[in-house]
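Q: Got a structure here, written out as structure tokens. Questions coming.
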There are 2 protein chains.
Amino acid sequence: MTVPGLRERKKQRTRDALIRVALELFTDQGYERTTVDEIADAVDVSQRTFFRYFSSKEEVAFAVQHMVEERFVHALGQRPPDEAPLDAMRNAVLSAWDTIGEAIAEVVPVELHLRAYRMIESTPALLAVHLRRSTEMEETISRIIAAREGLDVDEDPRPRIAVAAFSGVMRVTGQMWGRGTDGSLEAIRALTEEYLDHLGPALVPHWRDRPGEGPGAAA
Amino acid sequence: MTVPGLRERKKQRTRDALIRVALELFTDQGYERTTVDEIADAVDVSQRTFFRYFSSKEEVAFAVQHMVEERFVHALGQRPPDEAPLDAMRNAVLSAWDTIGEAIAEVVPVELHLRAYRMIESTPALLAVHLRRSTEMEETISRIIAAREGLDVDEDPRPRIAVAAFSGVMRVTGQMWGRGTDGSLEAIRALTEEYLDHLGPALVPHWRDRPGEGPGAAA
DNA sequence: GAGGCTAGTGACAGTCACTGACAATTGACA
DNA sequence: TGTCAATTGTCAGTGACTGTCACTAGCCTC
């Protein structure tokens, strides 16, 4: 591809600066205590310009998340078609976690993004938006899974159901990670694996045995 | 109990009127196109008073939902302790669906509430709040389930995981119901049963068999 | 490389959700 | 009946967001 023109590069720089400054202010002072004016002033653009880049104050908080999601969707598309749905999703998340680092670092320090993620989890207004975005993702994923299995997502509820269950676990994972003390990338990866391992067993009728000992359901 | 005083009754009437008028305006004109001033004017109170009853414009949209949730939690508390977790939750939802009608009708027509529910599902800002509220519910439910099973919710992830999977399915149910054409109470009840029946089978590795025929996992 | 075109920006005014402060009103209750 | 406390209205202010319009600066053509 050709190098984008000056105009384009300038826009990209402004956008990245807005994201970086916003996340810094949000994580430092808190989301609510940061005004859009502050962000705009720090980047030296007008408030109006901020809203031309991001349709809302919330949106800027999810700009990096958005990149991560695209990566996951891409990874899911690459999974071999003979993998079972849950395995494909599991492997896609794990492989996404492995390669996000570099992609994020081009815009903001990874550490800042992780702090931002925890801020989202602990800020009610952002948590709400985060969850809605997650369900939009679920719809996307459901369609991919359905396509893999040769099913019509509007005829057969199983793709949406499996994805809903899977995403539910992923959400709890993010939550627990956010509440814990180990804020590293490795920690969230490990939690992801651990929690997904519980998904099958958690659904069997008897829980009184220890995890892993009971008659497991899914792989 | 004694009859509440005039002051108390007046407050209750104002509150109910605000809810009813709000839901009517929301469902008629749309949530975004309805201002708090409109609602307050229609009930003949000041905007300031509206915000003394509801901390936000969103909150009034969920006032009825709130009642329904309380009912579910109560029903769950009543389930016999030997029921498996998923069964207890399933039966609690179904029994809640059976008795909501009357409780709601004291405040707003049931039909209005059902329309409001669909409006919530289709209004991004409200959907976001709805989802966050759902996760708060999940936390409550997880603790009840953990208690039933004699587990510590912070030690053993299985209660949260099972509840997350369960709630995921319930959410998809609500979504599908909202998108469908049959907006009746019976329809959502039937969907609930049908979708929950898929939860176990959807998690087994092989989907290529028809539902129910494959080697099922959970009950 | 001058000039027109247009994307991007700033300035400004306005709407709407929401909050704090204070004064006015009105049930409750001695 | 008069006092107290809860409830409400009014007013002023903040912050998110939008429409409009004039202006500036890359871009592209001749």
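The values are calculated or read from the model by the stated rules, or taken from the named source; none is laboratory data. Quick caveat: nothing in here was measured; it's all calculated off a predicted structure. Don't worry about glycine lacking a Cβ; one is built from the backbone with ideal geometry, like all the others, and counts go over all protein chains shown. Remember, those area values only see protein heavy atoms, side chains included, never the ligands or the DNA or RNA. Shrake-Rupley method; radii C 1.70, N 1.55, O 1.52, S 1.80 Å.
Q: So how tilted is helix B:158-179 from the main axis of chain B? Cα-based, degrees 0 to 90, rounded to 10.
A: That helix lies at roughly 60 degrees to the long axis.
Q: Right, another one. Other chains near B:121-128: what is the mean number of their Cβ atoms within 10 Å of each residue's Cβ?
A: Numbers: counts 0, 0, 0, 3, 3, 2, 6, 11.
The per-residue average across the peptide is 3.
Q: Express the accessible area of chain A per residue in Å², computed with a 1.4 Å probe while the remaining protein chains stay in the model.
A: Ligands and nucleic acids excluded, the result is 49 Å² per residue.
Q: Taking only the alpha carbons of segment B:62-202, what extent do you get along each of the three principal axes, in Å, biggest first?
A: Taking max minus min along each principal axis of the Cα atoms, segment B:62-202 gives 41, 31, 27 Å.
Q: Sort B:137-150, A:175-188 for me by packing, meaning the mean count of neighbouring Cβ atoms within 10 Å per residue, highest on top.
A: Values: B:137-150: 18.4, A:175-188: 14.1.
Ranked by mean Cβ neighbours within 10 Å, highest first: B:137-150, A:175-188.
Q: Quick one: 3J(HN,Hα) in Hz for segment A:41-51, Karplus 6.51/-1.76/1.60 with θ = phi - 60°, rounded, Gly and Pro as x.
A: Result, rounded to whole Hz: 4, 4, 9, 6, 10, 7, 4, 4, 5, 3, 6.
Q: Using Cα positions and a limit of under 20 Å, work out the lysines in reach of A:LYS57, with same-chain residues fewer than 8 apart set aside.
A: Once the sequence-local lysines are set aside, what remains near A:LYS57 is A:LYS11, B:LYS57.
Q: Rounded to a whole number, what % of the accessible area of the protein assembly as shown do carbon and sulfur atoms account for, probe 1.4 Å? Don't skip to the end; give the middle numbers.
A: Values: 10760 of 21400 Å².
Accessible surface attributable to carbon and sulfur in the protein assembly as shown totals 50 percent.
Q: Might you report the magnitude of the Cβ-based charge dipole of segment B:62-202 about its Cα centre, with Lys and Arg at +1 and Asp and Glu at -1, to the nearest 20 debye?
A: Values: 14 positive and 23 negative charges, 92 e Å.
The calculation lands at about 440 debye.
Q: Next question, about the same structure. Taking the full set of protein chains and a 1.4 angstrom probe, give the accessible area of B:THR135 in square angstrom, rounded to the nearest 10.
A: Number for this one is 20 Å².
Q: In addition: Give the angle, between 0 and 90 degrees and rounded to the nearest 10, that separates the Cα long axis of helix A:124-149 from the longest principal axis of the Cα atoms of chain A.
A: 50
Q: Calculate how large, on average over all directions, the projected area of the Cα convex hull of the protein assembly as shown is; give the answer in nm² to one decimal. Could you put the intermediate results ahead of the total?
A: Details: hull surface 99.0 nm².
Orientation-averaged projected area of the Cα hull: 24.8 nm².
Q: Have a look at B:ILE141, B:VAL107, B:PRO124 and report the one farthest towards the positive end of the charge dipole of segment B:102-144, computed about the Cα centre with Cβ charges (Lys/Arg +1, Asp/Glu -1).
A: Working it through, the farthest residue towards the positive pole turns out to be B:PRO124.
Q: In Å², rounded to the nearest 100, what is the total accessible surface buried by chains B and A against each other with a 1.4 Å probe?
A: On the way: alone 12700 and 12730 Å², together 21400 Å².
Roughly 4000 Å² of accessible surface disappears when B and A pair.
Q: If I take every Cα pair under 8 Å that is 6 or more residues apart in segment A:6-55, average their sequence separation and divide by the length, what percent do I get for the relative contact order?
A: Result for segment A:6-55 is 31 percent.
Q: Over the heavy atoms of B:GLU8, what accessible area does a 1.4 Å probe trace out, to the nearest 10 Å²?
A: Accessible surface of B:GLU8 is approximately 90 Å².
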